[in-house]
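Here is the structure we will look at.
What follows is calculated from the coordinates using simple rules that are stated; it is not laboratory data. Only a predicted model underlies this, so the values are computations on that prediction, with no experimental measurement involved. Here the Cβ positions follow ideal geometry from the backbone for every residue, glycine too, while neighbour counts run over all protein chains shown.
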Amino acid sequence: MKQALALFAIIVVFLNSCSQYAAPIGGKKDTLAPVLVVSTPINKQKNFKGKTVEVFFNEYIRVENANQKILITPEPETPFKVKIKPTSLRLSFDKPFKDSTTYTFNFTDAVKDVTENNPALSLKLVFSTGNTIDSLRVGGKVTDIQTGQPTLNTLVGLYIPNDTLTPTKSKPYYFTRTDTSGVFLLENVKDGRYRVFAFDDKNLNFILNPNTEKVAFLKGDLDLKANNDTLNLQLFSFYNTPPRSVRTQQMVNTYTYVFDRGIEKYSIRFNNPEDSIPSYFRTPTELTFFNAKATSDTIRVKISVTDSLKNTTELTQKFKFRTSTRRETPEPVTITARPTDNGDSDRNLEVVLEFSKPMKQITPDSVQLFSDSTNRIPLTPQDYRWEDNQTRFVLTRSTTARNNLILRLGRGAFISALNDSTARTELNYTIRDPEKYGVLTGRVNTSAKQFIVELLDENFKLVEKQLNNPTYRFVNIKPGRYRLRVIIDENGNGRWDSGNVTENRFPEPIFFFTNNKGIIPIKQNFDVNEDIDAF
């Protein structure tokens, strides 16, 4: 009897040890992904009537974010429940699938092995609840219109057309996501008419949020009767709501309204003209009023703001500056100069000084320009101008300097609206040697009458632009890597205008120089000639 019990205990221990999986120690690294062995239903099965889908693999698996990564088109009426077994994955649905419908389950990289996390890529299961399997496909590429670069993980959806269709409220009937090259492919699509939208579905809810997500669309319906792999979609920013103030910042000397997006232009109207005080946008989203009259009274204003997409709103506001309850150190006036100190300039000097506060007064004798260190160049009011509510000072002056230019700003050269002044500043510039720079010229091949040629750095930051110049020429370019793009300025306002999904209006077209991966290397003392097609 004791021997029988001992034998039984040994068998139990053995079976328990076999039921627990442990990764093998040592040996060759596993580089193979799990392989699908069998599935329920089987791939391309017709007349499937079940409510459970299960896939079986040749090794132990783990599953990551099944509800987000497993893409099912068309989307079932109810979400699935997940059950993970050592070598299989089961998806259970509360309701049956729609009749006479072809379903595609794309598992993306959700299924991986447990040893090295090798994903089972290209894992897809197709079945039909009817007598036929839909076989058409729709594919193409999605890029960002402002960079020309492909976009990753962008949702591309096919929608059933109707009078009330909008991607801001409706989910797509078929959908997929782009790969690292911006390429997408929808397979097993039923023939018919569809609307096509793409957006960068950041919150993964399959609904377009216009204020935070870029969008692209195909104008009109896609009449799908045969395979179409040539769709090119370009994402652009789109707002369908007016700008709004999201918070305020009350200080002793300033009061700031913070908006939910960048503002392009604005106007202020004070209920009482005697309350008028300076204001300006310190950043694209921050409108700041300055307490130039040291008032503690409530000020009432009407603020009209317009964003870059021409959405406008008018706000009726009242505010007051915070009362000082302790000794406070006011923020000093700061100056940002362009070109920066120790930069270079040609003999036709242009210096832009941007201030952190609106200025109310200049002391002309304290603004002095010297050539070649000692020769003072007289300045007159015709040599400078104010911009942006007296926050930007632009000095332009032709000189005969041979080696350098010095701009000296004495203490108190500028007095702000808050009665504090600028510190003593000196800006030194060497006269530019053209041989240390490059030149980029070329021709714009386009039938458009109005367009903008933009020189960008490698990171798409604007360096310089020219309007309506079919034989463009950029000079004095610092050596480096650059890009070139052309904006078709359809309305002739000198800037790019985005589109509007609600109005079915495309953004203004943008074309990029695409040779050599879009990069134009500029070397010192070299002239580069590159034509660009813009049609």
**Message:** I need the shape label for the range 21-166. Rule: rounded when a/c is under 1.5, else prolate if a/b > b/c, else oblate, with a, b, c from the alpha carbon gyration tensor.
**Reply:** oblate
**Item:** Within the chain, helix-based [θ] at 222 nm, where runs of 4 or more DSSP H residues each add -39,500 (n - 2.57), nearest 500
**Value:** -1000 deg cm²/dmol
**Fill in**
Ratio for the chain, C-alpha Rg to 2.2 N^0.38 Å, reads 1.36
**Message:** Please report the equivalent ellipsoid semi-axes of the range 424-535, computed as sqrt(5 x eigenvalue) of the Cα gyration tensor, largest first, in whole Å.
**Reply:** 29, 18, 13
**Spacing of the two label points (7 Å from each Cα toward its C-beta) at Thr316 and Asp229, in nm** = 6.1
**Request:** Just grab the label-to-label distance for Asp533 and Arg244, each label 7 Å out from Cα along the Cβ direction, in nm (one decimal).
**Result:** 4.6
**Fill in**
Non-local residues with an amide H under 5 Å from the amide H of Asn118, with H modelled 1.01 Å from N and Pro and chain starts lacking one, are Asp113
**Request:** Any chance you could run the full-extension gain for Lys478 through Asn162? It's 0.36 nm times the residue separation minus the Cα-Cα distance, nm to one decimal.
**Result:** 108.4 nm
**Asked** Using 1/(1 + (r/R0)^6) with R0 = 30 angstrom and r between the beta carbons of Thr425 and Thr298, what's the FRET efficiency to the nearest 0.05?
**Response** 0.20
**Distant-in-sequence amide H partners of Thr104 (H built 1.01 Å from N, under 5 Å)** = Thr73
**Item:** Stretchable slack from Phe526 to Asp179, in nm (0.36 nm times residue separation minus alpha-carbon distance)
**Value:** 121.1 nm
**Asked** How large is the charge dipole for the chain, taken about the Cα centre, if only the Cβ atoms of Lys, Arg (+1) and Asp, Glu (-1) carry charge, to the nearest 20 debye?
**Response** 1200
**Item:** Exposure proxy order (Cβ contacts within 10 Å, fewest to most) of Glu387, Glu354
**Value:** Glu387, Glu354
**Degrees separating the helix 2-19 axis from the principal Cα axis of the chain, which is the longest one** = 40
**Cut-off 11 Å between beta-carbons: net charge of the residues surrounding Phe175, Lys and Arg +1, Asp and Glu -1** = 0
**Prompt:** So who's got an amide H within less than 5 Å of the one on Gly50, skipping anything under 5 residues away but keeping other chains? H placed 1.01 Å off N, in plane.
**Reply:** none
**Complete:** The ³J(HN,Hα) series, computed from each phi in the range 355-364 with the Karplus coefficients 6.51, -1.76 and 1.60 at θ = phi - 60°, rounded to the nearest Hz and given as x for glycine or proline, is 9, 7, 9, x, 9, 10, 7, 10, 9, x
**Complete:** Between the alpha carbon centres of the range 156-197 and the range 312-347 the gap in Å comes to 47
**Prompt:** Working out 0.36 nm times the residue gap between Thr334 and Asn67, then minus their Cα-Cα distance, what length gain in nm do you get to one decimal?
**Reply:** 90.9 nm
**Message:** From Cα pairs below 8 angstrom and at least 6 apart in sequence, can you work out the relative contact order of the chain, rounded to a whole percent?
**Reply:** 8
**Prompt:** What FRET efficiency comes out for the pair Lys51/Lys169, r = Cβ-Cβ distance, R0 = 30 Å, nearest 0.05?
**Reply:** 0.60
**Asked** Per-residue HN-Hα couplings for the range 135-149, Karplus 6.51 cos²θ - 1.76 cosθ + 1.60 at θ = phi - 60°, whole Hz, x for Gly and Pro?
**Response** 10, 7, 9, 10, x, x, 9, 10, 10, 8, 5, 7, 10, x, 8
**Complete:** Checked the range 112-158 with the C-alpha gyration tensor, a ≥ b ≥ c its square-rooted eigenvalues, rounded below a/c of 1.5, otherwise prolate if a/b is larger than b/c and oblate if not; verdict oblate
**Fill in**
Partner lysines whose C-alpha sits under 20 Å from that of Lys310, ignoring same-chain residues fewer than 8 away, are Lys214, Lys265, Lys302
**FRET efficiency estimate (nearest 0.05) - Cβ-Cβ, Met251 to Thr380, R0 35 angstrom** = 0.40
**Prompt:** Which order results if Lys51, Lys214 are arranged by neighbouring Cβ count within 10 Å, fewest first?
**Reply:** Lys51, Lys214
**Message:** How would Lys112, Lys46 line up from fewest to most surrounding beta-carbon atoms within 10 angstrom?
**Reply:** Lys46, Lys112
**Complete:** For Val35 and Asp275, extending 7 Å from Cα along the Cα-Cβ vector and measuring point to point gives, in nm, a value of 7.8
**Request:** Rounded to whole Hz and in sequence order, give me ³J(HN,Hα) for the range 393-407 from the Karplus expression 6.51 cos²θ - 1.76 cosθ + 1.60, θ = phi - 60°, writing x for Gly and Pro.
**Result:** 10, 10, 10, 10, 7, 7, 9, 10, 4, 9, 10, 7, 10, 10, 10
**Message:** Rounded to two decimal places and with Rh computed the Kirkwood way over Cα pairs, what is Rg over Rh for the range 335-432?
**Reply:** 0.95
